[in-house]
1. Can you tell me which of PRO124, PRO191, PRO138 is out of contact with any strand residue (DSSP E or B) (no Cβ under 8 Å at 6 or more places or on another chain), modelled with pLDDT of 95 or more and either surrounded by fewer than 16 Cβ atoms within 10 Å (Cβ to Cβ) or under 20 Å from TYR23 (Cβ atoms) (or both)?
2. Is there a residue in the stretch 81-98 that is in a loop (DSSP other than H, G, I, E, B), loosely packed, with under 13 Cβ neighbours inside 10 Å and either modelled with pLDDT of 95 or more or aromatic (Phe, Trp, Tyr) (or both)?
3. Checking HIS163 against (1) in contact with a strand residue (DSSP E or B) (Cβ under 7 Å, 6 or more places away or on another chain); (2) in a helix (DSSP H, G or I); (3) more than 26 Å from HIS15 (Cα to Cα), only one condition comes out false. Which one?
4. In the stretch 17-74, how many residues are of a type in the set (D, E, K, R) and touching a strand residue (DSSP E or B) at 6+ places or on another chain (Cβ under 6 Å)?
5. Got a number for residues in the stretch 1-16 being touching an Asp or Glu at 6+ places or on another chain (Cβ under 7 Å), within 20 Å of ALA207 (Cβ to Cβ) and modelled with pLDDT under 95?
6. Please tell me if GLY12 is assigned to a helix (DSSP H, G or I) and either among the charged types (D, E, K, R) or in contact (Cβ under 8 Å) with a residue 40 or more places away in the chain (or both).
7. Taking the stretch 166-183 only, how many residues are surrounded by 21 or more Cβ atoms within 10 Å (Cβ to Cβ) and either in contact with a helix residue (DSSP H, G or I) (Cβ under 9 Å, 6 or more places away or on another chain) or without any contact (Cβ under 8 Å) to a residue 60 or more places away in the chain (or both)?
Amino acid sequence: MQTVAVIDYGMGNLHSVAKALEYSGSARVLVTGDARVIREADRIVLPGVGAIRDCMAEIRRLGIDTLVREVSRDRPFLGVCVGMQALMESSEENDGVDCIGLFPGHVRRFPGDMTEGGEKLKVPHMGWNEVIHSCDHPLWHGISDRSRFYFVHSYYVEAGNPHQVVGRGHYGCDFAAALADGTRFATQFHPEKSATCGLQLYQNFVAWDGRW
């Protein structure tokens, strides 16, 4: 049976992610901060919630940044929400934070004066929103274009390489809802909170061989 390591660095709704992955029924899911266990896993998930400064402080203190660069090169790897933002070069949250830098691009705050159809938009962006498939990818298998996923974020990814954007969202402005590069995939939305489509994405991740 395949093993999926959900990286525990003290930030993230780890058990919700683990339960959703277990739903696939074809993987052994381990919530762990043990570098040896993570290195031996077949697949890796980096979740995250909260402020990026605190997340990156713990990621660096525990050496997770170096570990993520290593293990994401040769097996399926998934970043979720702040876990996605941590993979970018930097975030302007907390007066500016350097991130892991696996994907080119930066994390920006939604403007406070956004409107849509004459209505002022609230920040954070919270709730269900469409994700437009920018291209075909194995993790979209069984998920229709413009399916709705659940978001909670005040900051969004401005991708440096448009070819890595595999899913787009819109909330006052366009933003990267999903990124992919080789064996790496990342989502701004929470699959574990996204009902049938989110569970399908996790099932696809467990079945994915890392090729694209």
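The values are calculated or read from the model by the stated rules, or taken from the named source; none is laboratory data. What you see is a predicted model; the values in this text were computed from it and never measured. Virtual Cβ from ideal backbone geometry, glycine too; neighbours counted across all protein chains shown.
1. On the way: PRO124 fails: out of contact with any strand residue (DSSP E or B) (no Cβ under 8 Å at 6 or more places or on another chain); PRO191 fails: out of contact with any strand residue (DSSP E or B) (no Cβ under 8 Å at 6 or more places or on another chain).
The unique qualifying residue is PRO138.
2. Of the residues in the stretch 81-98, the ones in a loop (DSSP other than H, G, I, E, B) are 81, 86-89, 92, 96.
When the remaining residues are screened for being loosely packed, with under 13 Cβ neighbours inside 10 Å, the result is 96.
Still in the list and also either modelled with pLDDT of 95 or more or aromatic (Phe, Trp, Tyr) (or both): 96.
Within the stretch 81-98, one or more residues are in a loop (DSSP other than H, G, I, E, B), loosely packed, with under 13 Cβ neighbours inside 10 Å and either modelled with pLDDT of 95 or more or aromatic (Phe, Trp, Tyr) (or both).
3. Looking at each condition in turn, HIS163 falls short on (1).
4. Number satisfying all stated conditions: 5.
5. The qualifying residues number 1.
6. Taking the combined requirement at face value, the residue does not satisfy it.
7. First, pick out the residues of the stretch 166-183 that are surrounded by 21 or more Cβ atoms within 10 Å (Cβ to Cβ): 166-167, 169, 171, 175-180.
Keeping just the survivors that are either in contact with a helix residue (DSSP H, G or I) (Cβ under 9 Å, 6 or more places away or on another chain) or without any contact (Cβ under 8 Å) to a residue 60 or more places away in the chain (or both) gives 166-167, 169, 175-180.
The number of residues fulfilling the criteria is 9.
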